[in-house]
Structure formats: C-alpha cells, structure tokens
Amino acid sequence: MLVKLTDLQTLDKVTPSRYLNLSQCKLRGVLSSLGIPGLLPVSPNAYFGIAAHRLLERASKGMVSNQENLDNTWNLCVAEVDEELASSLLTSHLVPLSTHVKQYELKKRLLLNTAAFLIPSFSGEYNRQLSGNERWIETPDRKVGGYADKIVQTAAGYEIIDYKTGEVIGRNGIKAEYSIQLMLYAGILYECSGEWPAALKIIDVKGNSYTIGFDKNECIQLLSKARILLLEVNEIIAATKSLEEKQQLLATPTPENCRYCSYRPACLQYWNKKKQTPGAQWPHDITGTYTDNIALGNGTHMLRLEFNNIVYKIRGWQLERHQVVPNEKYAIYNLSKDKAENCYSETMLTTLYNC
Ligand code: SF4
C-alpha cells in the first residue's frame with residue numbers, strides 16, 4: 001500500500017535547520033537529513049524559497065558582479081527550479097513557478113533588493129576569519145554544524161544573520177523554529193571561537209530585520225539536546241535490522257507533525273495513527289477503491305472511491321492530471337475537505353498513489 005523507502009543510514013551530524021524537524025519526528029528528520037526526496041509536492045512558495053536561496057548563495061559567493069548580473073542569475077535560478085519541477089510527475093503541473101506563486105513579481109523585487117547587499121563589492125565589512133556569507137561553522141566534535149547565511153564582524157562582536165523568504169512572525173511572535181535555529185548557531189559559534197555573538201538577526205525578503213533575544217545557557221542546552229538526539233537516532237538506526245522496525249521506532253505521528261510532511265506516502269505509522277484517532281485534525285488524505293466518475297459542468301469530474309462500505313466523493317478532479325482505473329486501490333493526498341460528509345475537492349497539491 002505504501003511507497004517503499006530505501007534503508008536508513010546513521011547521521012553524521014545535526015544541522016540547526018533540521019534540528020526541530022528531528023526533535024518533532026525523528027523519522028521525518030532522518031529522511032530529510034539523508035536527502036531523501038519528498039513524496040508529495042509542497043507549496044509553490046517553498047519552491048520559490050529554493051530559488052531564492054540559490055540566488056542568495058551565488059550572490060554571497062561572488063558569482064554575481066552587478067545588478068544586471070543579479071537579474072540574470074535570478075532568471076537562471078528560477079529556470080533551474082522550473083526544470084527540476086518539470087522533471088517530476090509530482091510537480092510538473094506547477095511549471096512555470098512564476099504563475100503559481102502569489103505576488104511573484106513583488107516577492108522577486110524584494111528578494112533582488114536584499115540580494116544586492118550580498119554582492120561582495122557592496123560590503124566591506126568582512127575582516128575576520130569567521131565573517132562572510134554562507135559560512136560553515138560546527139562544534140569541535142563535529143556533531144552539530146551548518147551553513148550560517150551571514151556572519152558579520154561589528155564593533156560589538158559577531159552578528160549571525162539568517163535570510164528567510166517566508167513569514168517570520170507566527171501567532172506568538174518570531175516563529176520558534178527560527179529562534180531555535182539561530183540559538184543553535186550562537187552555541188556553535190561560541191564552541192568553535194570562544195565568543196558569543198553580539199546579535200542574532202533574521203532578515204526577510206522585504207529587508208525587515210528581526211533581532212532574536214537569546215540566553216547563553218539555553219543555547220548550550222539546545223546544543224546538548226541536539227547531541228543527545230543524534231545519539232538516540234543513530235542508536236535506533238544501528239541497532240535495528242528491519243526498515244519497518246526502524247520506521248516504527250523513529251516515527252512520531254501527530255496531526256501537527258504530519259500535516260506538512262511530504263513522506264506521508266511512505267509512512268505506515270501515520271496511516272495507523274490516523275485510523276486510530278479519526279476525529280483529530282489530520283491532513284485530508286484518503287484511501288479507497290476507485291469505482292466511477294461523473295462529468296461536471298466545469299470540465300472536471302467527480303470521482304467516487306469506496307473504502308469499508310463508505311463512498312468518498314472528490315470534486316474538481318482533472319482526469320488528464322491523474323489517471324485512474326476502475327477497481328484499483330489508491331491513496332490520495334492533499335485534498336481539501338468539503339462541508340458535506342465524506343466529500344472532498346482536488347487542490348493544486350493533490351497527489352495520487354496506486355496502493
Ligand atoms: S508522516 Fe508523520 S510520522 Fe511519518 S515521517 Fe512524516 S511526520 Fe513523521
């Protein structure tokens with residue numbers, strides 16, 4: 001029924017950007033740390049973020065010399081992401097990305113403004129070994145490390161700066177995952193240089209700067225938790241023979257953890273937990289045997305699937321995007337829920353797997 005994963009390997013280190021993922025669900029954290037591709041498409045904004053990070057990285061590495069070059073480099077980054085999206089059946093319908101990202105032109109303009117300040121000729125502030133863009137820093141035991149977007153030497157000490165293309169502020173202020181990521185960088189900087197940073201900052205695509213307050217003890221504790229997590233994960237992976245058992249021991253299925261997880265098609269623990277607690281706010285994914293479809297007035301279809309004597313209806317189904325064969329079993333991910341019971345609609349991110 002599920003997509004089969006290849007065997008899981010132990011991890012060399014924990015990166016600040018994956019720490020939270022790993023602490024919430026070890027299985028998801030291990031899969032993403034090992035670079036195993038997701039099995040579901042993500043929001044077009046996330047693909048915009050991939051192109052944006054490539055642009056920022058190239059600008060910071062001196063591969064962009066002037067404004068015109070910056071525009072061309074952006075076009076190249078987007079073309080690369082478009083090509084990658086086009087090469088997968090999961091994402092080919094999201095090409096061109098520029099037509100699927102809301103307010104694309106505005107986001108692009110803001111991003112290019114931010115990227116211009118990363119061109120080395122704009123900034124003469126780097127004069128010490130740790131300063132620079134895309135700096136790799138790691139703890140002396142090499143268990144925790146990652147690329148900091150930017151480290152700047154100021155009169156007060158180092159500033160660590162992280163660029164974010166999504167919303168920085170959540171319901172309770174700066175998103176916790178961003179604060180945790182930067183506090184881990186602060187701890188790593190301290191361990192590898194003996195100096196605490198003078199400031200931790202996030203800059204969004206609009207150029208807004210957010211300062212993260214941090215407590216030194218908390219940073220040390222976070223580093224310690226990251227090391228323990230790495231040890232626990234690696235012990236499970238090394239001591240367990242079967243892939244199924246590893247998955248079971250590593251997975252922590254909850255509606256919050258699984259909602260945006262693109263490994264759901266390979267996760268038995270997710271499906272089991274979802275069946276045990278049907279009233280919880282799980283993602284709108286269903287399984288069933290395809291029975292038939294009805295043509296709707298708008299050129300789409302209403303699909304019917306059956307599971308355990310329940311008939312599920314999916315409106316807005318585009319037969320040219322997903323081909324279905326009667327009496328075959330399917331798992332369908334990323335639907336939106338209609339008001340009527342057992343009724344759903346297809347979305348831009350809806351994905352079909354044969355069971
Ligand atoms: S689907 Fe849920 S339990 Fe499975 S890997 Fe993803 S987050 Fe973890």
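The values are calculated or read from the model by the stated rules, or taken from the named source; none is laboratory data. As the structure is a computational prediction, the values presented were derived from the model and not from experiment. All Cβ positions, glycine included, derive from the backbone under ideal geometry; neighbour counts span all protein chains shown. These accessible areas exclude ligands, DNA and RNA; they are computed on the full protein's heavy atoms, side chains included. Shrake-Rupley method; radii C 1.70, N 1.55, O 1.52, S 1.80 Å.
Could you give the distance between the Cα centres of the stretch 200-238 and the stretch 341-355, to the whole Å?
36
Would you check the stretch 45-185 for Lys pairs whose C-alpha atoms are within less than 14 Å, ignoring same-chain pairs closer than 8 in sequence, and give me the count?
5
Taking only protein heavy atoms into account and a 1.4 Å probe, give the accessible area per residue of the stretch 7-260 in Å². Walk me through the numbers before you get to the answer.
Details: 12570 Å² over 254 residues.
Per-residue value: 50 Å².
Might you tell me the accessible area per residue for the stretch 284-354, computed with a 1.4 Å probe and given in Å²?
54
Using a 7 Å offset from the Cα along the Cα-to-Cβ direction at both residue 167 and residue 93, what is the distance between the two label points in nm, to one decimal?
2.5
Would you kindly state how much longer the chain becomes between residue 76 and residue 323 on full extension, computed as 0.36 nm times their sequence separation minus their alpha carbon distance, in nm to one decimal?
Details: separation 247, 0.36 × 247 = 88.92 nm, distance 3.29 nm.
Answer, rounded to one decimal: 85.6 nm.
Please list, by residue number, every one of the GluC sites (Glu not before Pro) in the stretch 146-189 that is coil in DSSP and has at most 14 other beta-carbon atoms within 10 Å.
Answer by residue number: 167.
Write out the GluC sites (Glu not before Pro) in the stretch 183-257 meeting two conditions: DSSP loop, and at most 14 other Cβ atoms within 10 Å of their Cβ.
Here the sparse-neighbourhood loop sites are 195.
Measure nothing fancy, just the Cα-based angle from helix 176-193's long axis to the longest principal axis of the chain, in degrees from 0 to 90, nearest 10.
Helix 176-193 and the main axis of the chain meet at about 40 degrees.
For the stretch 176-244, how many pairs of lysine residues have a Cα-Cα distance under 26 Å, where the two are 8 or more positions apart or belong to different chains?
Values: 201/216; 201/225; 216/225; 225/241.
Pairs that pass both the separation and distance tests number 4.
For residue 339, which lysines qualify as cross-link partners when the Cα separation must be under 19 Å and same-chain residues fewer than eight apart are set aside?
313
Please report the spacing between the Cα centers of the stretch 258-287 and the stretch 1-67 in Å, no decimals.
21
For the chain, just the Cα set please: Rg and Dmax, both in angstrom.
My reading of the Cα-based Rg and Dmax gives 22.7, 70 Å.
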